[in-house]
Structure formats: structure tokens, C-alpha cells
Amino acid sequence: MLRPMDLIAALEGVVGSDRVRAHPLDRRVFAKDAGVKDGPVAAVVFPESAEETAGCVRVARAAGVPVVPRGAGTGLAGGAVPIEPSVMVVMTRMNRIVEVDEQSRTAWVGPGVINLDLSRDLASTGLHFAPDPSSQQSCTIGGNVGTNAGGPHCLAEGTTVAHILAVEMVTADGDIVIVGGDHPDPVGLDLRAVVVGSEGTMGVTTRVLVKLTENPPAVRTLLIGFATVEDAAATVSEVIASGLVPAALEMMDRAMVRAVENYVHAGYPTDAAAVLLAEVAGHAVGVDAEADMIARIAADNDATMVRLAQNDAERALLWKGRKSAFGAIAQSAPDYYLHDTVVPRTRLVEVLSQIYEIGERYGIALLNVFHAGDGNLHPLVSFDAAVPGELDRVMAAATEMVRVSIEAGGSLSGEHGIGMEKRDLMGLVFGPDDLDAQARLREAFDPDGVLNPGKILPEGSRCFDRAPTIGAAP
Amino acid sequence: MLRPGADHRGGSVTTLDAATRRLLERLRPESVPPEVGDVPVVAPRRVEEAAEVLAFAGDRGLVVGFVGGGTQLDLGGRIEPDVWVSTAALNRIVDHQVEDLTLVVQAGVPVADVEALLADHAQSAILPETPGAATVGGVVAAGVSGYRRLRYGPTRDRVLEVVLATGYGKVVRAGGRVVKNVTGYDLSRLAVGSMGALGLIGEVCLKLWPIPRGAATVAVDDPEGALAETYRPLAVLETEDGSAVYLTGTPEQVAAQTEELGGVGEPGHRWPDPIDSPMRFSVRVTPRHLAGAVRMIRAAFPEAPLRAQHGVGEVTFGVEACDLERVVAVRHWAEGHGGAMVILAASAGSLPGMDPWGAPPAAHGLQVRVKEAFDPHRICNPGKLPGGL
Ligand SMILES: Cc1cc2nc3c(=O)[nH]c(=O)nc-3n(C[C@H](O)[C@H](O)[C@H](O)COP(=O)(O)OP(=O)(O)OC[C@H]3O[C@@H](n4cnc5c(N)ncnc54)[C@H](O)[C@@H]3O)c2cc1C
Ligand SMILES: Cc1cc2nc3c(=O)[nH]c(=O)nc-3n(C[C@H](O)[C@H](O)[C@H](O)COP(=O)(O)OP(=O)(O)OC[C@H]3O[C@@H](n4cnc5c(N)ncnc54)[C@H](O)[C@@H]3O)c2cc1C
């Protein structure tokens, strides 16, 4: 066990003194992600290569100090927040697009590449990286891999895991390994599939082979207003049931629309109870018919207005409104808590009304903006954590909202992850045997609890005896 | 009498202890697939029963082989099970949420039945197009995707939930019945392609796709060119008889895309027949090398039937008689281009010294540990996966 000063010296030995920070101010900055909690930081390092990353993991391991991988820290589940004093391995310096293969439509990128930068850099190739979280201006590809991030356009394209072919990572032992590969169905167990979404608990990602998606030749974007939330939700369910696969289908309620309009003036109808942002993309000949079909379904559900974006500028403005939603809230409330549950798309109407009811009962300010097409709800609560008892009340309401989602056949998290935020709610969806299996899997990657310990699985998940190892006498 | 830990490979019913015999009797299937020979077979009716069998086998050190439709039992390393666990009685379609586009099925349901049911609703689980007797569980366990992968991605992307009877004899559920989910570790995707190494896949929830009304197949001369010019075709396939682009979308869009290709469109999708040669191989490379792989295979085996998926990077081909040297040369080429050549079928002993999978995966140590975590007694299809796992 190293003493704190020795730990820092040893890390400096790996990356040099200018890329290790332990000043109280640095510790504060890196103690938090975009969620509501913070934790204790032992040191912050900024590796610039896989080898340096491996060196940092080995040093921390030898010192008996956990490693918490971190990207941009935009995570909302506390995934990058340490629970015990930890070495924060911040990957933002590894931000090079290493190699683009236009013909195979793939690219090797550093984990610190910003999501939007990747698509911008690729603009001339006619390709883009499909997952587009609303935080895409600041979150990293490594973080997207960590959380299996989603975004509006994941409705048609699938979430991050569908766009990751291989991951180079540093294991808990400090080895550099690659899981997955550049060809279809690499042989052996598909470890890449579990590394994606493992929230920094299975390895520190040092390079990612991403799949790139062809830009659609034609896009139509519709803004649709409704007099009730129910009409909007029913429209979503019917569009999905109709056999159409929109590129995106997003919903906002009145409170959210007003906050956004105030902030970016995107031209949203502030008198509507709910607004849908629907997009269809594809071959030029198909998109108009599809846009018409959505408009027709909306009209059948008593839409009060339908506007088709007339050009790219208008389309960009409509999306700016959607993607600025959280910024708009940040402007008006000191703190916000963002939920992230999923429900079957046929149950949207009823679950939404239950969620409003819970909000009312707890007397909290509730706004809704979410990936409706996936059934991925994001009720957002704005509050002031400085008021004693406020956070507890917000969290109590949060738990109820999670419960109603799960009771409707839904799930605990659609895209933000479990982290520390929802760890203790895992028992609502999984039984002891299920959690034990997940704990076994984690143990296979990290038997000594070096990587981001205390996340995802509640304490005591490994409820059965440790399995004997292969070759050991039964 | 069987003793724990002893080697009982190949044990026949008569040498089994009374408890084993009772279990076999209780879970005896209605019919026994011919592929399994004279090894005893059980057919659990519920995933819990499968877990019971595995717990029992684990205690006694009995090697268990899993069998679905029995179409692909030779894939991977050879196993010599003491008992086969068949999914023949796990044959229920559990839940079809038509409007939410999800389907829950037990593992033993034939792919053909699932797709027939879904076709009535203009939906598909995008399972292999010419499945024969293959089961959903077998396809998921083998990690097999159909030809429509170019447009819809691999099978892995559609497995939302899995119920597994693990090698340590427990029933484990992972994932959920919603289309988007990051609740805990993604065991569902890990199960895809696991070849039974983690345990028996008992039930899965699949994400469905609506099937657009328009469909056409357009013959083309230059598949790579057509791939580059066509927006999101369903598939671009090359066979020994020529190449074709498979289109899908609104009827108007399909008509427009057919015209852009300058070809004559046949309505609908006529998928190539499965290759029925006794020896079959799958070459997998990054899509950029696909055309090169086709050239290489054609040069080595001019007569071979082949199915090349442009844009995906897989070519399967069949060979009538063994030619070890040329097969080795194709594998060498594939691995030299960063890919792999997997032996899908070969008569016993025809390819001496050749591993069915080729070069083992890079992170072998992790592969071993994950296998151990789910199959600590090493009883589930042992040796199927690369590296003897
Ligand atoms: C305004 C706003 C809007 C958002 N919108 C969306 C949205 O639409 N969809 C969505 O999915 N999310 C959204 N998020 C959440 C967040 O942006 C995503 O979870 C994102 O993927 C996190 O990326 P990051 O680089 O900030 O990672 P961090 O927050 O730094 O880390 C996230 C997790 O990944 C791990 N991690 C990060 N980098 C690595 C690495 N190199 N190796 C191993 N593990 C690593 C961390 O340990 C942690 O567990 C939003 C957040 C905000 C603040
Ligand atoms: C690369 C490749 C491409 C193929 N392409 C096509 C194609 O285009 N069209 C086509 O029709 N077929 C194709 N096949 C074959 C087809 O997909 C297989 O028939 C199918 O995967 C096996 O189904 P089955 O029910 O017959 O399984 P089986 O042959 O019974 O079993 C297959 C393997 O999975 C294990 N297994 C089976 N069920 C389970 C379960 N429930 N839990 C755990 N393990 C289980 C078995 O032990 C065995 O190792 C392809 C196969 C491969 C490998």
C-alpha cells in the first residue's frame, strides 16, 4: 500500500508530472459528473496512450487504490464519480481519429474524441457516427461506449453497441487487449458486447473501432403540436405500430417547450400541451410519403398544428431546440434531476399520466422531454438542492416513477446507465440469481475490484459461493 | 455407478445410476434427433427443468451437449456428451407484442414458425431466410445472422432479453422486453454466439422490424459498384450464378432504386438456396476485402458454390472433396487480411490438424474467465468454442 505522496510520484513516473493533478481544486472538479453526487478523488491523471493508461492502472492496483475511468464527465448516473478515494483516469487527451476506412465504413478513434467532432470530421466522406446523445457537443466516444449511449436517431439506428466493432482496453491487470474485430462475427465469446455499457468496470477503453453510417440522401422533419399529452403519446404508439420506422420521434411537454422557447427561440408552439419532433430519412422518393403518413396519424389524433421544416436551417433550428432542452433547464433552476426509464411503447399514455400524478403528489416541478419512439422516458425535475430536504423528496419521487415504469413491463435505464445513482434499484428488475450472474461476469473481468468498484451492482449481489475454477477438483 | 468427478464420457443409459436414469426417464423427449446417436437425450419443458439437469450434471461431472434443430452440431470443436439436452419441448411462442414489435419465444421454436407467424403481421425477426429445421435458440447460440444483415445488423442487435440455464444450474434472466435498455451487464448479447458455452438459452425476447411493402431483386454485374451507389439495400449478394441487389421500402422507392441500378427488377426477394456441399466454410473479412476474398476463393476452388455478402464481409462456400492445401491457403489469406476462416461443416478427420475456428481470439485469458464464471464444472458443450473452451 503506497502513501498518497508515493501514489502521485508513481503516477508521475508513468505520465510525467504535468499530467498528474492532486491539487484540492482539481480534486473537486473531477469529483462529480453531470449527476447530483460527488465523491473522493486521490489523484487525476491524463494518459496519452494505451501504454500510459496501462501504467496508471498498474500503479493504482499496486497502491490498492481503485481506478475510475472518465471521459467528459457528462454522465448522469454517477458512473464517473468515485465512491472511495480513487485515481481518476481521464481519457480526454486521447482524442485523435486514428484511421478512417471509408470503404469498409469504419474508423479507429481515441476514446477522448468528442462525439460531434467525429461526425463533423467525417463530413466530407458522406458518413457519420449514428449515436447522437443530446450531449454530443461535449461527451466522448469512450464515455458513449461506457454507457452504451443513445440519442434521438438511435430509434432507427440502434444505440452505441450496434456501432462498436472492437474495443482496445486496459484490463484490471494492466494488460492491453482488444475485444471484437473488424470482420463480422469474430470467433469466441462476444466480449465486446458486454464491455460496451459496462460503465468503466471491465476495462479502460483506449481505442475504439466504430462503424460509420451513410448520411441519408433525404430527410424530412416535422414539428407537431397537440392539445393533450395523451394525443401526442397515442400518435407515437400508432406510428410505431403502423410499420413506419422514423429516424427519430421525440416528445416534449408544455413546460419543456416553454423553457426551450425561452432559451433558443426555435419556433415551438408554446400553447401546445405536447410537441412531437418527428423525422424520416432515406431515399428521396420514400420520405415524403412517410412524412405524410406521420402527419395523417397525428391528424387522426387531433394534432393542433403540423409544420414541415422547409430547409436545412429550419431543420437545424428544430433540433437545436430539442438538444438544448437541458441547457434551458439549467438556466432556470439551480439543480435538476433527470430520470431515464423505458416502457413498452404501447404503454406510453398510461405511464406518462402516472408520472404526472406522482409529480403532483410530491409537489415537484416536472418537465418531460424524451425519446418517445423508443419508449425511453426522461421526466426531469428542477429543484434547489440548497433547500434542506429537497433532494430527498426528489429522489423519493424518482423511485416511484421508476416503479411505475417497471410495473408497466419497462426497465430501469434506457441510456444513462446505472452507475451509483440506480445501483440500489437493480433489485426492482432482477432477482438474486440474475444479479449473482452479473456479479460473476464482472468478477471474471476484475476479480479484485480495481475498476470503478461499487457501481452498477448493489452490494451483496454475489450472493452464492464463489465458483470453483476450471480444473479444480469438484 | 457414476461417481462425481470421474470421467464418464460416452456413458450409455445402462451404466447410469438410478437418479440419473430417473431424470432421463422423466424428461425423455417424444422423438430423438438422429444426430445424437445412442447418447441419452432429455427435453426439459421449462427453463427451470433445464437448470435442474445442469445442476445434476454438474454434481456428477456429466458432460452436456445442447441440441436445437440439430442442423449445426458439427460447428466448432467436437464434443462427446454424456447426455444431450434438447430444446424440442421448449417450443412455445410466449408473447407477441404486435404493436410494440417485440416477440418472446422459447429456444426450441423453429425459425420458420416464428417468421411465418410474423409475416402475417408484416413483421420479421430478421432470422436466417432459409432456416431448414433450425431453432431460434440454435440461431442465437450459434450467433448466426441472415442475409438481411446489411440493412438490419446482426442477430445480436435484436436479442433484447435472454433466459439462461447456467452451467452452475441456475435460471438467470438478463436484459428486458423493451427496445432500449442499459440496466446492468448485457448478458443477452453475450449469449449470442456463445455456442452453449455459458449454459442453455431457454427463452429470448427479440426486437422485430416492420417489413415494408415494396420488395425487388435486381441482377447486377458489379456488386461493389452497386453497393456504393444504392442507399441502404437490404443485401448485395454474389453467388456462383451472378450478383443481385435486394431492395426494400415503399413500392415507389423500390421502383426508383431499381431504375437507378439500370437493371430489371424481379418483384420480391428470392434468396439463394443454402449450400449443401459436405464441406462448408465461412470467410470473414472487413468489407473492403470482400471482393478480394471472392477472387481468392474462386481461384482456389473454381467450381465452388459460394454466397458472398458485399458490405458485410462474409463469404460462405462449399467444397465436395477435401483439398487440405487449398483450404489452408484460403484460411491463410483470410487471417493475413485480419479476418478468419471458420469451418462450418466437414466430415470427421478430413482436415487433419485444422482448428475449426482458426486463430483464437486475442483476449484469450478473459474468454477463459468468462467461461469459468458461467460453467465452473466445464460441462456445457465443453471444447466447442475456440481455444478448447
Ligand atoms: C445535457 C445532457 C444531455 C444528455 N443527453 C444524453 C442522451 O441523449 N443520450 C444518452 O445516452 N446520454 C445523454 N447524456 C448522458 C451522457 O452524456 C452520456 O452518458 C455520455 O455517454 C457520457 O460520456 P462522457 O464522455 O461524458 O463520459 P463520463 O460521464 O466521463 O463517463 C460515463 C461512464 O463511462 C465510463 N467511461 C468514460 N470513459 C471511459 C473510458 N475511456 N474507458 C472506460 N470507461 C469509461 C465512466 O467510468 C462512467 O462510468 C446527457 C448528459 C447531459 C449532461
Ligand atoms: C456462419 C454461418 C452462416 C449460416 N448461414 C445460414 C443461412 O444463411 N441460412 C441458414 O438457414 N442457415 C445458416 N446457417 C446455419 C443455421 O443458422 C443453423 O442451422 C442454426 O444456427 C442452428 O440452429 P439449430 O436449431 O439447428 O441448432 P443446432 O444445430 O441444434 O445447434 C447449434 C449449436 O448451438 C448449440 N445450441 C443449440 N440450441 C441451443 C440453446 N438453446 N442453448 C444453448 N446452445 C444451443 C448447440 O449445442 C450447437 O453447438 C449458418 C451457420 C453459420 C455458422
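For this structure, a couple of remarks:
- Apart from one condition, residue A:156 fits all of (1) more than 24 Å from residue B:207 (Cβ to Cβ); (2) outside the structural domain of residue A:321 (by TED's automatic domain parsing); (3) surrounded by fewer than 24 Cβ atoms within 10 Å (Cβ to Cβ); the exception is (1).
- Evaluating residue B:188 against the criteria (1) surrounded by fewer than 23 Cβ atoms within 10 Å (Cβ to Cβ); (2) part of a helix (DSSP H, G or I) leaves one unmet condition, (1).
- Enumeration of residues in the stretch B:363-387 that are outside any helix (DSSP H, G or I) and more than 16 Å from ligand 1 (Cβ to nearest atom): B:375, B:376, B:377, B:378, B:379, B:380, B:381, B:382, B:383, B:384, B:385
- Output for the stretch B:120-150, where each listed residue is more than 6 Å from ligand 2 (Cβ to nearest atom), among the aliphatic types (A, V, I, L, M) and within 13 Å of chain A (Cβ to nearest Cβ): B:122, B:126, B:140, B:150
- Within the stretch B:163-179, none of the residues are touching a Lys or Arg at 6+ places or on another chain (Cβ under 8 Å), open to solvent by 20 Å² or more (accessible area, probe 1.4 Å) and more than 9 Å from chain A (Cβ to nearest Cβ).
- Residue match in the stretch A:221-242 (condition: assigned to a loop (DSSP other than H, G, I, E, B) and acidic (Asp, Glu)): no
- Elements of type strands (runs of 3 or more DSSP E) contained in the stretch A:83-179, each with 1 or more residues being of a type in the set (D, E, K, R): A:97-101, A:164-170
- Counting residues in the stretch A:109-121 that are within 14 Å of chain B (Cβ to nearest Cβ), more than 16 Å from ligand 2 (Cβ to nearest atom) and touching a residue at least 40 places away in the same chain (Cβ under 8 Å) gives zero.
- Residue check for residue B:384: within 16 Å of ligand 2 (Cβ to nearest atom) and more than 10 Å from chain A (Cβ to nearest Cβ): yes
- When B:204, B:218 are checked against the criterion of being more than 20 Å from the chain's Cα centre (by Cα) and either in contact (Cβ under 8 Å) with a residue 40 or more places away in the chain or open to solvent by less than 30 Å² (accessible area, probe 1.4 Å) (or both), B:218 stands alone in meeting it.
- Residue match in the stretch A:306-322 (condition: within 14 Å of another protein chain (Cβ to nearest Cβ) and open to solvent by less than 50 Å² (accessible area, probe 1.4 Å)): no
- Taken across the stretch A:372-380, residues that are in a strand (DSSP E or B) and of a type in the set (S, T, N, Q) do occur, with at least one present.
Here is a yes/no grid of residues against (1) in contact with a His (Cβ under 8 Å, 6 or more places away or on another chain); (2) more than 9 Å from chain B (Cβ to nearest Cβ); (3) modelled with pLDDT of 95 or more:
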site: A:432; (1), (2), (3): no, yes, yes
site: A:436; (1), (2), (3): no, no, yes
site: A:440; (1), (2), (3): no, no, yes
site: A:446; (1), (2), (3): no, yes, yes
site: A:451; (1), (2), (3): no, yes, yes
site: A:457; (1), (2), (3): no, no, yes
site: A:460; (1), (2), (3): no, yes, no
site: A:464; (1), (2), (3): no, no, no
site: A:470; (1), (2), (3): no, no, no
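- Residue count, the stretch B:77-104 (criterion: under 19 Å from the mean Cα position of the chain (by Cα), outside any strand (DSSP E or B) and closer than 26 Å to residue B:173 by Cα): 4
- Meets criteria (aliphatic (A, V, I, L, M), open to solvent by less than 30 Å² (accessible area, probe 1.4 Å), within 12 Å of the chain's Cα centre (by Cα) and within 10 Å of ligand 2 (Cβ to nearest atom)) for residue B:111: yes
- Applying the set (1) assigned to a helix (DSSP H, G or I); (2) within 14 Å of another protein chain (Cβ to nearest Cβ); (3) among the small types (Gly, Ala, Ser) to residue A:75 leaves exactly one unmet item: (1).
The values are calculated or read from the model by the stated rules, or taken from the named source; none is laboratory data. Since this is a predicted model, take the numbers as computed values, not measurements. FYI the Cβ positions are ideal-geometry reconstructions off the backbone, even for glycines, and counts take in every protein chain you see. Side chains included, ligands, DNA and RNA excluded: accessible areas come from the protein's heavy atoms. Shrake-Rupley method; radii C 1.70, N 1.55, O 1.52, S 1.80 Å.
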